[in-house]
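Notes for the one structure printed next.
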Amino acid sequence: MQSEDDYDRTKRSIEDLIECPSFERLESLLPCPSLFEVLGISTDEYVHSKMLLWLLDPSESHGLGSEVLRKFLFSAAKLARARTTTFGEDGEPITPLQAQSFSFADVQLRSEYSLENDRRPDLVLWSARERWLCVVENKVFSDEGEGQTTSYYDEMRRSFPPRDFPFRLFVYVAREGQEPESKHFVPVNYKDIARLLDDVGGAASKFGGVAIDQYIKCVRGSIVEPEREFREICWKLYR
């Protein structure tokens, strides 16, 4: 039979565990249904593209203004620099400092942007005043079509001439480990998207906070694979 002292020690251990950051992180990794799963759209590529468009649009109802767009461009620009991405005579990659200093006063965003060759990049963002362009191709569980990202890059030289939009980024949003065919695209994985939203979600509007929370759960539950981190935390807590 457990003594009163043993019982008190057990209670204190449980209380300590509740406050442990690793335990909180473990709880966030446990499967938790989101509205996206309930509606059966958690892996629908079009739905994820529409969510990215909503999050990146400074004028939308999430209440975060340009914060998501700024952080997204900043992260992609850092990756482009780390991978020494170059465009030759077709302009130059947006730098992290530019991403941080853009005003986004006249930013335009389009989903399924129609090109002359009948291709449709998932997202195209640009500013005529600040002379930058960002093309986003989004993949959830599918791979890109043959020559898809290469075709997007080539067509953008005609649709958005480098003389008018010299600062450019081409971003491939996908699961970790997926690489674009074109060397001009930088891969941003969904784990980073979820982490970015974690950082800014607390400042969102009431509606925006609920929507972002549901989307983070969807991404982590349906796209990101947390098994390795999950195991590491379990072993840490066990030890």
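The values are calculated or read from the model by the stated rules, or taken from the named source; none is laboratory data. Quantities reported herein were computed from a predicted structural model and do not represent experimental measurements. Positions of Cβ are backbone-derived with ideal geometry, glycine not excepted, and every protein chain shown enters the neighbour counts. Only protein heavy atoms, including side chains, enter the accessible area calculation; ligands, DNA and RNA are left aside. Shrake-Rupley method; radii C 1.70, N 1.55, O 1.52, S 1.80 Å.
With respect to the conditions (1) under 24 Å from SER159 (Cβ atoms); (2) at pLDDT below 75, LEU53 falls short on a single one, namely (2). Of all residues in segment 88-106, those satisfying the criterion of being touching a strand residue (DSSP E or B) at 6+ places or on another chain (Cβ under 9 Å), outside any loop (DSSP other than H, G, I, E, B) and not charged (D, E, K, R) are PRO93, GLN98, ALA99. Can LEU109 be described as open to solvent by less than 30 Å² (accessible area, probe 1.4 Å), part of a helix (DSSP H, G or I), out of contact with any Gly (no Cβ under 6 Å at 6 or more places or on another chain) and not hydroxyl-bearing (Ser, Thr, Tyr)? It is false that LEU109 is open to solvent by less than 30 Å² (accessible area, probe 1.4 Å), part of a helix (DSSP H, G or I), out of contact with any Gly (no Cβ under 6 Å at 6 or more places or on another chain) and not hydroxyl-bearing (Ser, Thr, Tyr). Condition check: closer than 21 Å to VAL200 by Cα, open to solvent by less than 10 Å² (accessible area, probe 1.4 Å) and in contact with a Pro (Cβ under 8 Å, 6 or more places away or on another chain). Does ALA99 satisfy that? Here the answer is no, as ALA99 does not meet what is asked.
Just one residue in the set VAL107, VAL136, VAL171, VAL140 is in contact with a Cys (Cβ under 7 Å, 6 or more places away or on another chain) and among the aliphatic types (A, V, I, L, M); that residue is VAL171. Among residues of segment 112-138 that are closer than 11 Å to PHE102 by Cβ, those with a Cβ under 9 angstrom from a residue that is hydroxyl-bearing (Ser, Thr, Tyr), sequence gap 6+ or separate chain, pair up as SER127/SER103; ARG129/SER103; GLU130/SER103. Restricting segment 1-32 to residues that are open to solvent by 100 Å² or more (accessible area, probe 1.4 Å) and either outside any helix (DSSP H, G or I) or closer than 20 Å to TYR190 by Cα (or both) leaves a set whose member that is modelled with the highest pLDDT is GLU27.
Counting only residues that are open to solvent by 60 Å² or more (accessible area, probe 1.4 Å), of a type in the set (Phe, Trp, Tyr) and in contact (Cβ under 8 Å) with a residue 24 or more places away in the chain, segment 33-88 holds 1 of them.
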